[in-house]
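Since every read-out is calculated from the coordinates, none of them should be taken as a lab result. On a predicted model such as this, the values are computed, not experimentally measured, just so you know. Using ideal geometry, Cβ is built from the backbone for each residue, glycine included, and neighbour counts are taken over all protein chains shown.
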Amino acid sequence: MNYNLNIPGWMSERELIILSTLASLVPENGSIVEIGCFLGRSTTALYQGKKQSVSMDVIDNFNTPGIPKNASYKKIGIQGNIDIYERAASIAQETTWQDAFKFTVGEDLYNDINIHCMDSKDFVKTKDCDLAFIDGSHRYIDVMIDIKKHMTNTNLILGDDFKADFPGVSQALSVYKQDRTVIVFEKTKLWALVPIIGYWRDVFKENNLLFL
């Protein structure tokens, strides 16, 4: 699978491989929604893994109060190419983080996806997606809102940052443990809510995707 390790972000290579692999399993003419993209490290993994006919919506307010525009590479502890980060931070300082995102992912990818510059709670859903990747706010109430808005009986919900620093994530997932198979992929912070019926349930069961 394809993914770009140069783009600055916090996701490991293993996590990018998992995202790209699962994106490749979205059926033809399906759709992917990503909530929270920062500079597009996860976005490129999803995009480059998916089939050409699969549409992709990215929702982000491009407001990163925890990351000052002039924050040092080392201070925020991200992975990726330091020169790309410094250029992206410079662009953000001059204009916006959305322009920095466009720079890091490239114009071709940027123009081929649907960008929604807003808080995820303000996004008006017009159709159901096949896969939703949730990596916006990790507060319990916000994770719950994002899951409820995008979950259907049969689609796949993925997310990031299942760890002690973000207790709201595990609290939200615990609500769904009776209705979905809850997975935290080995040696990652990635989690999944797998439906108990339909396409994704069969895909996980038949391909042993628990051990991606």
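How big is the range 116-164 by the Kirkwood estimate over distinct Cα pairs, in Å?
Numbers: mean 1/r = 0.0869 Å⁻¹.
With all distinct Cα pairs of the range 116-164 included, I get 11.5 Å.
For the chain, build the charge dipole from Cβ charges (+1 Lys, Arg; -1 Asp, Glu) around the Cα centre, then report which of Tyr140, Phe103, Met151 sits farthest towards its positive end.
It is Tyr140, whose Cα lies furthest towards the positive end.
Taking the range 165-212, how much of its Cα-Cα pair set, in percent, is spaced more than 11 angstrom apart?
Values: 780 of 1128 pairs.
Percentage above 11 Å: 69.
From the mean inverse distance of alpha carbon pairs (Kirkwood) and the Cα radius of gyration, derive Rg over Rh for the chain.
When Rh is taken as the Kirkwood radius, the ratio is 0.94.
Could you work out the helix-only [θ] at 222 nm for the chain, with each DSSP H run of four or more residues adding -39,500 (n - 2.57) and the total divided by the number of residues, to the nearest 500 deg cm²/dmol?
The helix-only estimate for the chain comes to -11000 deg cm²/dmol at 222 nm.
If you average 1/r over every pair of different alpha-carbon atoms in the range 12-59 and take one over that average, what Kirkwood value in Å do you get?
10.6 Å
Once you keep just the Cα pairs under 8 angstrom separated by 6 or more residues, what percentage relative contact order results for the chain?
Taking the mean separation of contacting Cα pairs over the length of the chain, I get 19 percent.
Provide Met56, Met11, Met144, Met151 in ascending order of the number of other Cβ atoms located within 10 Å of each residue's Cβ, fewest first. Before the final figure, lay out each step's value.
On the way: Met56 23, Met11 26, Met144 16, Met151 20.
Ranking Met56, Met11, Met144, Met151 by Cβ neighbours within 10 Å, fewest first, gives Met144, Met151, Met56, Met11.
Where the only charges are on Cβ atoms (+1 Lys, Arg; -1 Asp, Glu), what is the dipole of the chain about its Cα centre, to the nearest 20 debye?
Details: 22 positive and 27 negative charges, 106 e Å.
Approximately 500 debye in magnitude.
Hey, if you put +1 on the Cβ of every Lys and Arg and -1 on every Asp and Glu Cβ in the chain, which of Gln52, Leu39, Phe166 ends up farthest toward the positive end of that dipole?
Among Gln52, Leu39, Phe166, the one farthest towards the positive end of the dipole of the chain is Phe166.
So for each of 107-113, 186-192, 35-41 I average, over its residues, the number of other beta carbons within 10 Å; can you give me the resulting order with the highest mean first?
Top of the packing list down: 35-41, 186-192, 107-113.
How high is the relative contact order of the range 130-194, given as a whole-number percent (alpha carbon pairs under 8 Å, six or more residues apart)? Walk me through the numbers on the way to the answer.
Values: 100 pairs, mean separation 22.0, N = 65.
So the answer I get is 34 percent.
Which trypsin sites (Lys or Arg not before Pro) in the range 128-179 sit in a loop by DSSP (not H, G, I, E or B) and have at most 16 other Cβ atoms within 10 Å of their own Cβ?
Arg139, Lys163, Lys177
Under 5 Å between amide hydrogens, which residues at least 5 positions from Val33 or on another chain qualify, with H placed 1.01 Å from N in the peptide plane?
Long-range HN contacts for Val33: Asp57, Leu131, Ala132, Phe133.
Once you've got the Cα coordinates, tell me which of Lys102/Lys163; Lys125/Lys205; Lys51/Lys125; Lys121/Lys187; Lys50/Lys125 are over 26 Å apart.
Long pairs (Cα-Cα over 26 Å): Lys102/Lys163; Lys125/Lys205; Lys121/Lys187.
For every other residue with a beta carbon closer than 15 angstrom to the beta carbon of Lys189, add +1 if it is Lys or Arg and -1 if Asp or Glu, then tell me the sum. Numbers along the way, then the final one.
Working: positive: Arg14, Arg41, Lys163, Lys187; negative: Glu13, Glu15, Asp135, Asp160, Asp161, Asp165, Glu186.
With Lys, Arg at +1 and Asp, Glu at -1, the net is -3.
Please provide three numbers in whole Å: the alpha-carbon extents of the range 119-212 along the principal axes, with the largest listed first.
The Cα atoms of the range 119-212 stretch 36, 34, 21 Å along the principal axes, largest first.
What translational diffusion coefficient, in µm²/s and rounded to a whole number, does the Stokes-Einstein relation yield for the range 64-183 at 10 °C and a viscosity of 1.306 mPa s, taking the hydrodynamic radius as the Kirkwood radius over Cα pairs?
After rounding, the answer is 96 µm²/s.
What order do you get for His138, His116 when you list them from fewest to most C-beta neighbours inside 10 Å?
His116, His138
For the range 149-159, just list the computed ³J(HN,Hα) in residue order, Karplus coefficients 6.51, -1.76 and 1.60, θ = phi - 60°, integers in Hz, with x standing in for Gly and Pro.
Whole-Hz 3J(HN,Hα) from phi for the range 149-159: 5, 9, 7, 10, 5, 10, 8, 9, 10, 10, x.
Would you mind estimating how fast the range 73-130 diffuses translationally, via Stokes-Einstein at 25 °C and 0.890 mPa s with the Kirkwood radius over Cα pairs, in µm²/s?
Translational diffusion coefficient: 182 µm²/s.
Please compute the length gained on full extension between Asn207 and Thr96, using 0.36 nm multiplied by the number of residues separating them and subtracting their Cα-Cα distance.
Here the answer is 35.8 nm.
Rounded to the nearest 5, what % of the DSSP beta bridges within the chain are antiparallel ones?
30 percent
Please check: in the Gaussian network model of the chain (C-alpha springs, under 10 Å), which one of Leu173, Leu19, Leu46 has the largest mean-square fluctuation.
Result for the chain, Cα springs under 10 Å: Leu173 fluctuates most.
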